[in-house]
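The values are calculated or read from the model by the stated rules, or taken from the named source; none is laboratory data. Remember, predicted model here, so these are calculated numbers, not experimental data. Here the Cβ positions follow ideal geometry from the backbone for every residue, glycine too, while neighbour counts run over all protein chains shown.
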Amino acid sequence: MDEALRQWTRAKTAAMGWTDPLTWDPLPVEASHRLFYRVAPGVPRQGSDNTSLVVMLSPPDLENNDQFALLARVFTAGGVGVPRLIAQEPDAGWFLMSDLGSNHLADVYETHSQDSVLPKVIETLTCIQQITNPAIPAYTPQRFRDELEIYSRWFVENLLDRTFPQTRLEECFEHLVANTQSQPQCCVHRDFHCRNLMLTANGDIGVVDFQDALMGPAAYDLASLLRDCYYRFTEADVTRWREFYLSRTTLAVDRGRFPEQLDLTAIQRQLKAVGIFARLHIRDHKSSHLVHIVPVLDQLRDLCRTYPPMRELTVFLGEIRSDAASRLEELLCAP
């Protein structure tokens with residue numbers, strides 16, 4: 001723990017009436033270089049704000065801290081429940097923020113609360129889609145191609161040690177990219193899934209990990225939610241919540257094409273995710289996401305089977321399924 005960050009936090013919280021010693025609890029992180037700590041006053045003081053806060057250490061050479069701070073303000077102004085920035089030193093990568101709690105959307109899946117929470121989540125999604133700001137860049141076709149290359153390079157070539165059949169799958173990949181451009185473009189969070197959505201103490205939806213938002217395809221965030229890499233909805237539930245979204249959105253989506261657009265968007269995103277999970281292991285020495293690769297590959301293959309333009313990708317996923325399962329079992333069982 002950086003002592004300078006501790007001193008900075010003590011100074012900021014002292015101005016709020018907090019007293020030492022502060023309690024510091026590290027929080028789990030996803031695929032990020034950032035570190036998070038929940039802090040609280042050691043001795044609560046009457047009349048002061050004694051609720052916990054979150055300290056984020058975000059390496060400025062690895063993370064775009066200016067964009068994080070800007071989008072925090074933009075999303076807040078748009079009515080999205082992102083953490084409130086209380087103090088910041090972007091050049092040092094230090095941020096003191098409100099605490100959205102520890103209850104994730106993943107915690108309510110398959111509980112009695114799921115049906116009451118998901119409408120709120122989709123309303124939050126539609127709120128994000130209404131945000132416009134010149135500081136939010138476009139999600140370009142080339143960026144989608146680059147993301148597909150993460151899959152081919154890091155998963156197929158590096159993790160499985162296979163030659164990626166670029167020519168064979170080029171038409172499939174270009175179809176996926178073209179699908180992203182066939183939809184209305186809006187603000188997309190880009191990681192709108194059950195681990196980045198929080199249920200706050202007052203029942204609202206909190207949103208984290210929003211700093212990479214772009215202006216992209218309307219189906220993207222809904223694909224992240226309903227075709228999650230960490231939880232698999234039944235097809236009946238996918239249909240149910242997709243129709244709920246369509247009843248709420250104000251975007252000019254093609255309702256007849258939207259189910260296919262949603263699934264093709266999910267295929268592109270899941271391919272990228274598999275590549276990122278492999279890259280986390282190989283480059284960043286983080287094996288926490290390896291366990292999710294085979295379930296995502298299986299979901300991918302099931303999705304691809306539905307759409308004739310994905311035929312070659314369906315076959316390829318079947319060809320590598322056994323090798324992938326064996327390689328991942330080997331890695332997960334390694335000491």
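For segment 71-90, filtering for residues that are outside any helix (DSSP H, G or I) and in contact with a strand residue (DSSP E or B) (Cβ under 7 Å, 6 or more places away or on another chain) leaves 9.
Of Thr265, Thr249, which residue is under 18 Å from the mean Cα position of the chain (by Cα), buried (at least 16 other Cβ atoms within 10 Å of the Cβ) and among the hydroxyl-bearing types (Ser, Thr, Tyr)?
Only one candidate passes the filter, namely Thr265.
All conditions in (1) at pLDDT 95 or above; (2) farther than 29 Å from Arg240 by Cα; (3) part of a helix (DSSP H, G or I) hold for Phe68, with the sole exception of (1). Answer yes if at least one residue in segment 34-55 is farther than 28 Å from Gly203 by Cβ, buried (at least 17 other Cβ atoms within 10 Å of the Cβ) and not β-branched (Val, Ile, Thr), and no otherwise. Within segment 34-55, one or more residues are farther than 28 Å from Gly203 by Cβ, buried (at least 17 other Cβ atoms within 10 Å of the Cβ) and not β-branched (Val, Ile, Thr). On inspection, Ser287 passes the criterion of being in contact with a helix residue (DSSP H, G or I) (Cβ under 9 Å, 6 or more places away or on another chain) and of a type in the set (Gly, Ala, Ser).
Please find, within segment 199-246, the residue that is farthest from Leu105 (Cα to Cα) out of those that are surrounded by 18 or more Cβ atoms within 10 Å (Cβ to Cβ) and polar (S, T, N, Q). For segment 199-246, the residue satisfying everything is Gln211. Summed over segment 297-335, the residues that are among the β-branched types (Val, Ile, Thr), under 20 Å from Pro165 (Cα atoms) and in contact (Cβ under 8 Å) with a residue 40 or more places away in the chain give a count of 1.
Could you tell me whether any residue of segment 116-126 is more than 21 Å from Leu225 (Cβ to Cβ) and in contact with a strand residue (DSSP E or B) (Cβ under 8 Å, 6 or more places away or on another chain)?
Looking for residues that are more than 21 Å from Leu225 (Cβ to Cβ) and in contact with a strand residue (DSSP E or B) (Cβ under 8 Å, 6 or more places away or on another chain), one finds none in segment 116-126, hence no.
So is Ala236 of a type in the set (Gly, Ala, Ser) and out of contact with any helix residue (DSSP H, G or I) (no Cβ under 8 Å at 6 or more places or on another chain) or not? It is true that Ala236 is of a type in the set (Gly, Ala, Ser) and out of contact with any helix residue (DSSP H, G or I) (no Cβ under 8 Å at 6 or more places or on another chain). Tallying residues that are free of Cβ contacts under 8 Å to residues at least 40 places away in the same chain and within 25 Å of Ala278 (Cβ to Cβ) within segment 213-247 yields 2. Looking only at segment 289-315, how many residues end up being surrounded by 20 or more Cβ atoms within 10 Å (Cβ to Cβ) and aromatic (Phe, Trp, Tyr)? Final tally of qualifying residues: 0.
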